[in-house]
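The values are calculated or read from the model by the stated rules, or taken from the named source; none is laboratory data. Quick caveat, the model's predicted, so the values are computed rather than measured. So basically every Cβ, Gly included, is an ideal-geometry build from the backbone, and we count neighbours across all protein chains shown.
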Amino acid sequence: MTSTTTHSNTARWLLEVTAAAAPADPAAFEEQRQLLRSIAQFDSASRTWWTCIGVLNVRALEILQRLYEAARRFGTEVHVQAVAAPDAWHGPCFTDVGELAALTAGQADQGRRLGELPVL
């Protein structure tokens, strides 16, 4: 179940996704940047892309697939973790911790990490 409204007594969760840029020559770094620029924000100080996902839809799957493609192609280090949605978050969010646990268990059963999609 997802929600776009704020309820003060309801837990709201996001998947926080970060990807640390792999050390690369300028041309390879530019390829990483081109691959990730439309799906995540880049912090130049830490050389890390980041985004939050509040609902598993086609856009979320596109984000995850591109991040894992960057990991496969460039060695980009990708992390996905569940975090409490900040009060300022106005987008969709998970409202049931069980949703995330069930999703994690389902992905583990398939032998893939959360968000990791088959490479085509």
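Residues of segment 9-20 that are outside any strand (DSSP E or B) and either exposed (fewer than 11 other Cβ atoms within 10 Å of the Cβ) or modelled with pLDDT of 90 or more (or both): 9 alone. Quick check on my filter: what residues within segment 65-97 are among the acidic types (Asp, Glu) and within 17 Å of residue 40 (Cα to Cα)? Those that are among the acidic types (Asp, Glu) and within 17 Å of residue 40 (Cα to Cα): 69, 77.
Restricting attention to segment 21-71, which residues are of a type in the set (S, T, N, Q) and either in contact (Cβ under 8 Å) with a residue 40 or more places away in the chain or part of a helix (DSSP H, G or I) (or both)? Correct list: 32, 34, 65. Within segment 57-91, being within 17 Å of residue 28 (Cβ to Cβ) and of a type in the set (A, V, I, L, M) holds for 67, 70, 71, 78.
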